[in-house]
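> Have a look at the structure that comes next, please.
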Amino acid sequence: MEAIERELRIQLAAVYRLVHHFGWDELIWTHSTVRLPGPEDHFLINPYGFRFDEVTASNLVKVDADGRILGDPNQEINPAGFVIHSAIHRMRPDVRCILHTHTVAGMAVAALDCGLLPISMYALGYYQQVAYHDFEGPSLDLDERGRLGANLGDRNVLVLRNHGLLTCGATVAQAFVRMYRLERACQVQLAAQATGARLVVPPEPVCRLSAERSDQFLSTQGGDGYSRNPNPEFDAFLRLLDRKDPSYRD
């Protein structure tokens, strides 16, 4: 169990460094979490006040399902940050990792009544698989957790209206790659809408096929015809971090 937790700590720390690398971070805000194995419902989250390029495997904070800190009492977390994550982790035992971002593109699409449109290869991967949750103010109300979890349902992509983006995964790699593609889909949509030209939506059968085949790239086991490895994209990003600054592993 210690070895598994250590590996999950490294992977989650890598997520924070990658969010920083791609410019998706926002000062010290937004959060990504990982559920640890075991019956205790323990989770890892970033320490409050740290920039994402300062997050390491060892300074991630372990909390219980109510956000209470386990271990070092000198550590701190943002309680509001865990409200959203705890809502999903409580209702979705299949979810290992959750990413949440406040990017310009993500927040802009979250402010559009139309939401995410199926107009790009990235967006088509989420055709009819995006859930929406209306903004209820800063996430401090624990009662919101039930509504948020119900709106997500069994989907793995959530647009928080007037707020930002959220992705889930059975692995850390799944959640991260889903966010990468979702962010790109938002960027492409805004660029296309800015031209003022008519947007092209592929025929319904093509949309459905695209969604089905895109998700196959996110296999947790590998051997699906795309790669013998389950998460080649995330592995490639880990190599990038190891070359750039391996201190996330500390």
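> Can you report the number of residues in the stretch 192-208 which are in a loop (DSSP other than H, G, I, E, B) and surrounded by 11 or more Cβ atoms within 10 Å (Cβ to Cβ)?
Residues meeting the conditions: 3.
> Residue by residue through the stretch 120-166, note down the ones that are of a type in the set (S, T, Y) and touching a helix residue (DSSP H, G or I) at 6+ places or on another chain (Cβ under 6 Å).
Of everything in the stretch 120-166, those that are of a type in the set (S, T, Y) and touching a helix residue (DSSP H, G or I) at 6+ places or on another chain (Cβ under 6 Å) turn out to be S120, Y122, Y127, S139.
> Would you mind stating whether G23 is at pLDDT below 95, surrounded by fewer than 16 Cβ atoms within 10 Å (Cβ to Cβ) and not in a helix (DSSP H, G or I)?
Working: at pLDDT below 95: no; surrounded by fewer than 16 Cβ atoms within 10 Å (Cβ to Cβ): yes; not in a helix (DSSP H, G or I): yes.
It is false that G23 is at pLDDT below 95, surrounded by fewer than 16 Cβ atoms within 10 Å (Cβ to Cβ) and not in a helix (DSSP H, G or I).
> Return yes when A211 is of a type in the set (G, A, S), in contact with a Phe, Trp or Tyr (Cβ under 7 Å, 6 or more places away or on another chain), surrounded by 14 or more Cβ atoms within 10 Å (Cβ to Cβ) and assigned to a helix (DSSP H, G or I) and no when it is not.
yes
> Consider A14 carefully, then state whether it is touching a helix residue (DSSP H, G or I) at 6+ places or on another chain (Cβ under 8 Å), of a type in the set (A, V, I, L, M, F, W, C) and either assigned to a strand (DSSP E or B) or surrounded by 18 or more Cβ atoms within 10 Å (Cβ to Cβ) (or both).
yes
> Just need a number here: residues in the stretch 127-140 that are buried (at least 17 other Cβ atoms within 10 Å of the Cβ), modelled with pLDDT of 95 or more and farther than 23 Å from A197 by Cα. Let's see the steps before the verdict.
Let us first name the residues in the stretch 127-140 that are buried (at least 17 other Cβ atoms within 10 Å of the Cβ), namely 127, 130-131, 133, 139.
After this cut, where a residue has to be modelled with pLDDT of 95 or more as well, the list is 127, 130-131, 133.
Cutting the leftovers down to farther than 23 Å from A197 by Cα gives us 130-131, 133.
Result for the stretch 127-140: 3.
> Taking the stretch 27-40 as the search range and keeping residues that are in contact with a strand residue (DSSP E or B) (Cβ under 8 Å, 6 or more places away or on another chain) and not in a loop (DSSP other than H, G, I, E, B), which one is farthest from P246 (Cα to Cα)?
Filtering the stretch 27-40 down to residues in contact with a strand residue (DSSP E or B) (Cβ under 8 Å, 6 or more places away or on another chain) leaves 30-36.
Restricting the remaining residues to those that are not in a loop (DSSP other than H, G, I, E, B) gives 32-35.
On the way: S32: 19, T33: 20, V34: 20, R35: 23 Å.
So, considering only residues that are in contact with a strand residue (DSSP E or B) (Cβ under 8 Å, 6 or more places away or on another chain) and not in a loop (DSSP other than H, G, I, E, B), the one farthest from P246 (Cα to Cα) is R35.
> Can you tell me how many residues within the stretch 136-155 are in a loop (DSSP other than H, G, I, E, B), under 20 Å from G81 (Cβ atoms) and either touching a strand residue (DSSP E or B) at 6+ places or on another chain (Cβ under 7 Å) or in contact (Cβ under 8 Å) with a residue 40 or more places away in the chain (or both)? Give the derivation first.
Looking only at the stretch 136-155, we keep the residues that are in a loop (DSSP other than H, G, I, E, B), and these are 136-143, 153-155.
If we keep only those that are under 20 Å from G81 (Cβ atoms) as well, we get 136-143.
Within this subset, residues satisfying the condition of being either touching a strand residue (DSSP E or B) at 6+ places or on another chain (Cβ under 7 Å) or in contact (Cβ under 8 Å) with a residue 40 or more places away in the chain (or both) are 138-142.
Total satisfying the criteria: 5.
> Quick test for you: out of R181, R228, R213, pick the one residue that is charged (D, E, K, R) and modelled with pLDDT of 95 or more.
So the residue among R181, R228, R213 that is charged (D, E, K, R) and modelled with pLDDT of 95 or more is R181.
> Right, here's the next one. Residues to consider are A170, A185, A197; find the one that is touching a residue at least 60 places away in the same chain (Cβ under 8 Å), on the phi < 0 side of the Ramachandran plot and out of contact with any helix residue (DSSP H, G or I) (no Cβ under 8 Å at 6 or more places or on another chain).
Numbers: A185 fails: out of contact with any helix residue (DSSP H, G or I) (no Cβ under 8 Å at 6 or more places or on another chain); A197 fails: touching a residue at least 60 places away in the same chain (Cβ under 8 Å).
So the residue among A170, A185, A197 that is touching a residue at least 60 places away in the same chain (Cβ under 8 Å), on the phi < 0 side of the Ramachandran plot and out of contact with any helix residue (DSSP H, G or I) (no Cβ under 8 Å at 6 or more places or on another chain) is A170.
> Inside the stretch 133-191, can you point out the residues that are of a type in the set (V, I, T), touching a Leu at 6+ places or on another chain (Cβ under 7 Å) and within 16 Å of S214 (Cβ to Cβ)?
Answer for the stretch 133-191, where residues must be of a type in the set (V, I, T), touching a Leu at 6+ places or on another chain (Cβ under 7 Å) and within 16 Å of S214 (Cβ to Cβ): V157, T167, V177.
The values are calculated or read from the model by the stated rules, or taken from the named source; none is laboratory data. What you see is a predicted model, and the numbers here were worked out from it, not measured in a lab. Heads up, the Cβs are rebuilt from the backbone with ideal geometry, glycines too, and the neighbour counts pull from every protein chain shown.
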